[in-house]
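What follows is calculated from the coordinates using simple rules that are stated; it is not laboratory data. The structure presented is a predicted model; accordingly, all values stated were derived computationally and were not measured. Every residue, glycine among them, receives a Cβ derived from its backbone with ideal geometry; neighbour counts consider all protein chains shown.
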Amino acid sequence: MRMVFTLIIRSTHHMRYFNYKFHFILILFWVIHCKSRKTRLAGGYPAGIGEYPYLVASMHPEIRCTASLISRSWILGAAHCYVLDGIKVFPHDVLLVAGVVDFFDMDVGSRQSRVAREIHIHPSFEEIKISEADISLVKVDDFEITPTVSPIPISGKPFAINTDVPCKASGWGDTVFSKSNSRLHSLNVIAVQSKKVCHGLSPKERRNMLCLRANSGKGLCDGDSGGPLICNDELVGVAHQVYIEKSNYKGPQDMDCGSDTIIHTYMYTCPFLNWIRSYVPEVPLKPSKCFTMDITN
C-alpha cells in the first residue's frame, strides 16, 4: 500500500509470479499448481467464450494484468502493468493471450498468443502519483480476427458529469486479495464522475478518472489492472487502482477486494485519445470537451 496526500492506495496488478524466464514454463507452473482454484473478479460472474472477444490476458514473470485489443496489432492497458521499480519491462518478457476465458486452458482452439514487440508508456506517467496518465500501448504481431478475438472501439464522446452510467468491468482478477485466478469474470458496475463518488480526489485528478459506485462486496481485485470499463459497447476507461481515504482506514481488512470502504478508479481514456491515436489511427480524435461540463470543485 502507498499513501498519497490523504489517500491510501493499492495498485490492482500486484500478483507476483516466480521468476521463470520462459513463458511456457511460467504457464505450465500455474497450470499444475492453480488450475483447480475457482476464484473470480470480486463479486463477478464467469464469462463465456467469445462474450468479451477484446479481452487480453497480459502475463509477465512478475506481473499479471488484463488488457484490451483495440486493433489487430495494438493492445491498450495500464502503464503500471509494464513498469517494475521505475523501469519499463522488456517486451519479450510479456505474453499476451486472447480468445480464452481460462488462460491455463492450452487446448482451446480459439486461443491466440503473442509476444509483445513494443511497449509504449504514456510520457506523463508517474508511478507514485494517482491519476498520472496510467495508460500504455503494446504492439504485437497481428491477431487473427475471429468470433472470439476482435477489437473494442474506444469512445470519442464526452462523459456525463454527476450521472450514473451502467457499464461492464471484466478481467482475470482475484476473488479476494491474495487469492489467484485464471478464469475470466465480468461485473455490472455503475461508473460516475462526481466529487461525491470520487471523494478525496482534487479536480485536477478527477479530470483523468472515472470512479465506480460502491457495490457491496463487488469490485476490482489483483489482476484486473489495465482491464476495460465498457459503457454503451465502447471502451471509456482502463482499470487504474483502488484507494481509501486515510480518515476511513482502520486496518488491512479495509483494503480487501470489494470492500465498501474502497474507491475503485479507472483512467478515463478521453483525455489521452490523441496520444493513443498517434499509434493507432483508427482511434477517434479527442473531442473539444471530455465531460459534459467543467470539473470545477
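What is the order of Met293, Met209, fewest Cβ neighbours within 10 Å to most?
Listed from fewest to most nearby Cβ atoms, that is Met293, Met209.
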**Complete:** Cα-Cα longer than 20 Å, checked against Lys129/Lys168; Lys88/Lys286; Lys196/Lys286; Lys88/Lys129; Lys204/Lys289; Lys88/Lys157, kept in input order, equals Lys129/Lys168; Lys88/Lys286; Lys196/Lys286; Lys88/Lys157
**Complete:** Going residue by residue through region 91-103, the Karplus relation 6.51 cos²θ - 1.76 cosθ + 1.60 with θ = phi - 60° gives ³J(HN,Hα) values, rounded to whole Hz and with x marking Gly or Pro, of x, 5, 8, 10, 10, 10, 10, 10, x, 9, 9, 10, 6
**Complete:** Inter-part gap, Cα centre of region 88-141 to Cα centre of region 154-168, in whole angstrom, is 25
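Round to the nearest 0.05 the FRET efficiency obtained for Arg213 and Asp107 when R0 = 51 Å and r is the Cβ-Cβ distance.
Values: r = 39 Å, r/R0 = 0.77.
That pair, Arg213 with Asp107, gives E of 0.85.
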**Prompt:** Distance in nm between label sites at Asn188 and Asp164, each 7 Å beyond Cα in the beta-carbon direction?
**Reply:** 1.2
